[in-house]
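So the structure is just underneath, and the comments pick up after that.
Bear in mind these aren't lab numbers, they're just calculated from the coordinates by the rules spelled out. What you see is a predicted model, and the numbers here were worked out from it, not measured in a lab. No Cβ is skipped: glycine too gets one built from the backbone with ideal geometry, and neighbour counts run over all protein chains shown.
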């Protein structure tokens, strides 16, 4: 059975004020925490990640990438199983389980992609956090789902513009923030990202 690139989305919702508070509490660093992925639940693509498989991959990810401080992710999913360092926007600082939820603490980096991510969040743009992995799937007709198989390999979690799994949100790592995170409609951000990249390019090309 051949492996394909598998992605799974979880909504990410945050207010500009919460980003500012996170920077104030963490000496300018933006650190957020929340659900990265959910085991055993069917997403809007009809795909299910069995908990034993996801537990194995999360354990491996924490033991290697997280512990070695190279649990990087990108802004938007590339069509690749390799994390492009030139587009790295964040680093996963820790990951753990809460019931069937994979919870993580994520730092937004001061890279070009990370700065764009930070500005999008400050602008109140709704984003998603999405796993990227390699594996095969099997159709389960009785439950009308597609089940990820034992050959699944977790690559990373990326920030994306089109989340599709409802019910999980992230918030800044700030003890003073205890309010529930509101839900809302999703927004495409490709045009905003392109405009920001264009502005950066234009500024860099201007003579001193």
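Between residue 29 and residue 139, the simple spin-label model (points 7 angstrom out along Cα→Cβ) gives 4.7 nm. Descending by average beta-carbon neighbour count within 10 Å, the peptides 30-41, 76-87 line up as 30-41, 76-87, the highest first. For the listed peptides 113-123, 50-60, a ranking on the average number of other beta carbons within 10 Å per residue, highest first, reads 113-123, 50-60.
Taking the square roots of five times each eigenvalue of the Cα gyration tensor of the stretch 1-144, the equivalent ellipsoid has semi-axes of 28, 16, 15 Å, listed largest first. In terms of the mean number of neighbouring beta-carbon atoms within 10 Å, the peptides 153-160, 96-103 order highest first as 153-160, 96-103. The slack between residue 64 and residue 97, meaning 0.36 nm per residue of separation minus the straight C-alpha distance, is 10.2 nm.
Maximal additional length on extending the residue 56-residue 2 stretch stands at 17.4 nm, based on 0.36 nm per residue less the C-alpha distance.
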